[in-house]
Amino acid sequence: MSHTYIFDHINQYLELGKEILSPTLYLAPGYQPFMMEAAHYVPVSPDAAVLTAENMATLVASCASPEQQAHLAETGTVDFITDTPSGKYHIYIYAQETGYMIVTLTLHVDAYLKQGIDCHCSDIHLPSVCPPSWRRFGSLQPIWEGAPTLTAEDAELLTASFLTEKEWTRLKEIGDVDFAYANDLGRYRASVVSQRLGYNICFRIINSNVLTMDQIGLPSEYVVPLTRFTNGLILVTGSVGSGKSTTLASIIDFINADRHDHIITLEDPIESVFEPKGCQVNQREVRRHTESFERALRAALREDPDIIMVGEMRNLETISLALTAAETGHLVLGTLHTGSASRTIDRILDAFPLEERDHIRIMVSESLRGVLSQQLIPKKDGTGRVMALEMLVNTSAVANCIREGKTFMIPGLIQTGKSQGMRLMDDSLQELYINGVIAAEECMQRATDPVMMEKFIKEHPVA
């Protein structure tokens, strides 16, 4: 391959882009050939030669048909999808005074995922009729400035680049599919939905290295005792994207090393992969290894487990089975989409018919071990996100409140239970604010009691 990186066929550049997983390629007269690295255009090599108008004319002839070249001459622009030995690409060609400019867009998802991993993003979005975008530190934005809009055909080809035949069939039949996807770079939670404008693809990037409790900011001195119970229920709660899966993974990884038991995880899809340490670990994925959480949970109870992780407690049957498992000698870890510890208790109780709630209150009061309710908040310095945590430990006073249906008293018990590791969300926010980690605006937006938070911020100005 020439050290000048001046080629006479577009396929040679596309192959180069495939090797480094660049989602786009920029070729223009007066510039070196540019590819993308960490969402920035960079020369393919520091010593690459500068392209000339003649080079560009040769490259246009190598990829555009006579009809496309005629359209380019008439309108000054042409774009088309081409299938090459390196894969499918959307080619954009523009006529300029200095010569032709070519921009290519790969139609395989792996190149976009590499950008997300390199820039520490949580999600990659490849939507129809929008530019490729990512969620970085909680903010959704285009992956690179000036990115071409993905057409409906682009999105369909991107979808085809990574779905199996089984997943394609399911997508065509019901209009959406979600599953775990893996490539040489890592693992992802993938979702594809069909909508008015075409297909939308979203990837959640899974950290291949399971983080420890200390690394994600969990108070391990209070969480570890919860993991050493032989039965009961530990709940991790928060909104979508609040880090619940990461927290569950860190707890399961600790148990895996700390105990000598049987762990069963029920997930949709499997995210973190656990290699057995001190424990035997079995991981099951909904729709791949089992029909539903409910069916998997029933089967798990016959597999002699000690610890059961339920990826999401979505409905009455799953919640009921989880409570039964927790009451009958298993340590159960699960997630709920609730914003605080007291609302978590109410959410469980509200799932049951009125006539069953007295009995369920007793079950919850006896089986609950703790609730971790969390948010992920952008850091003030823009370098990432940090966890704010509310923690409830089930003491005799808390259990009594649950039995008597007085969950409105739980925040007060958390406030007075700091010696047992309990803390309110607003206390966690205030601590992060005082330490200069998050901005005052974030405290106000996320506070449970905005009036008291505003008063606190006025009394404690931080430069």
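The values are calculated or read from the model by the stated rules, or taken from the named source; none is laboratory data. Every value quoted in this text rests on a predicted model; they were computed, and no experiment measured them. For neighbour counting, all protein chains shown are included, and Cβ atoms are generated from backbone atoms with ideal geometry for every residue, glycine included. Surface areas here come from the heavy atoms of the whole protein model, side chains and all, with no ligands, DNA or RNA. Shrake-Rupley method; radii C 1.70, N 1.55, O 1.52, S 1.80 Å.
For region 1-116, give me every one of the strands (runs of 3 or more DSSP E) that falls completely inside it and has 3 or more residues that are out of contact with any Lys or Arg (no Cβ under 9 Å at 6 or more places or on another chain), of a type outside the set (S, T, N, Q) and open to solvent by 10 Å² or more (accessible area, probe 1.4 Å). If you could, list the steps in order and put the result at the bottom.
Values: elements: 24-27, 34-37, 40-43, 77-84, 87-96, 99-106.
Answer list for region 1-116: 40-43, 77-84, 87-96, 99-106.
Evaluate the following for D214: is it touching a Lys or Arg at 6+ places or on another chain (Cβ under 8 Å) and of a type in the set (D, E, K, R)? So D214 fails the test.
Among residues of region 261-287 that are under 14 Å from Y181 (Cα atoms) and touching a residue at least 60 places away in the same chain (Cβ under 8 Å), those with a beta-carbon under 8 Å from a residue that is among the aliphatic types (A, V, I, L, M) and in a loop (DSSP other than H, G, I, E, B) at least six positions away or on a different chain give the pairs S272/V210; E285/I270.
The single condition among (1) modelled with pLDDT under 95; (2) touching a helix residue (DSSP H, G or I) at 6+ places or on another chain (Cβ under 6 Å) that K418 does not satisfy is (2).
Inside region 383-404, residues that are buried (at least 17 other Cβ atoms within 10 Å of the Cβ) and closer than 23 Å to S220 by Cβ make up a count of 11. Take the residues of region 314-331 that are farther than 22 Å from V240 by Cα and not polar (S, T, N, Q): which is surrounded by the fewest Cβ atoms within 10 Å (Cβ to Cβ)? Here the answer is G329.
With the requirement that a residue be open to solvent by 60 Å² or more (accessible area, probe 1.4 Å) and polar (S, T, N, Q), what does region 422-455 give you? The answer is N435, Q445, T448. For region 357-415, residues that are part of a helix (DSSP H, G or I) and β-branched (V, I, T) total 8. Return yes when I124 is crowded, with 21+ Cβ neighbours inside 10 Å, modelled with pLDDT of 95 or more, within 20 Å of T151 (Cβ to Cβ) and more than 31 Å from the chain's Cα centre (by Cα) and no when it is not. Judged against the criteria, I124 is not a match. Residues that are outside any loop (DSSP other than H, G, I, E, B) and among the β-branched types (V, I, T) within region 142-184 comprise T159, T169, I174, V177, listed in sequence order.
Just one of the listed residues (A249, A296) is open to solvent by less than 30 Å² (accessible area, probe 1.4 Å) and closer than 28 Å to K418 by Cα, and it is A249. A count restricted to region 297-335 and to residues that are under 28 Å from the mean Cα position of the chain (by Cα), under 20 Å from F229 (Cα atoms) and in a loop (DSSP other than H, G, I, E, B) stands at 1.
Residues in region 188-203 that are surrounded by fewer than 20 Cβ atoms within 10 Å (Cβ to Cβ) and out of contact with any Pro (no Cβ under 9 Å at 6 or more places or on another chain) were compared, and the one that is farthest from T246 (Cα to Cα) is R196. Considered as a group, the residues in region 141-159 that are among the aliphatic types (A, V, I, L, M) and under 20 Å from R196 (Cβ atoms) include one that is surrounded by the fewest Cβ atoms within 10 Å (Cβ to Cβ), and that residue is A152.
Among what's in region 334-381 and is touching a Ser or Thr at 6+ places or on another chain (Cβ under 6 Å) and open to solvent by 30 Å² or more (accessible area, probe 1.4 Å), pick the residue that is farthest from C401 (Cα to Cα). Show your work before the answer.
Restricting attention to region 334-381, the residues satisfying the condition of being touching a Ser or Thr at 6+ places or on another chain (Cβ under 6 Å) are 336, 338, 340-342, 344-347, 371, 373-376.
Then keep just the ones that are open to solvent by 30 Å² or more (accessible area, probe 1.4 Å); that gives 346-347, 375-376.
On the way: D346: 12, R347: 15, Q375: 25, L376: 29 Å.
Applying the filter and picking the extreme gives L376.
Checked against the criterion of being touching a residue at least 24 places away in the same chain (Cβ under 8 Å) and within 23 Å of the chain's Cα centre (by Cα), region 342-359 has at least one qualifying residue. Please determine, by comparing only the residues of region 364-379 that are touching a residue at least 60 places away in the same chain (Cβ under 8 Å) and of a type in the set (D, E, K, R), which one is farthest from I348 (Cα to Cα). Among them, the one singled out is K379. A count restricted to region 416-426 and to residues that are in a helix (DSSP H, G or I) and either more than 14 Å from G370 (Cα to Cα) or among the hydrophobic types (A, V, I, L, M, F, W, C) (or both) stands at 3.
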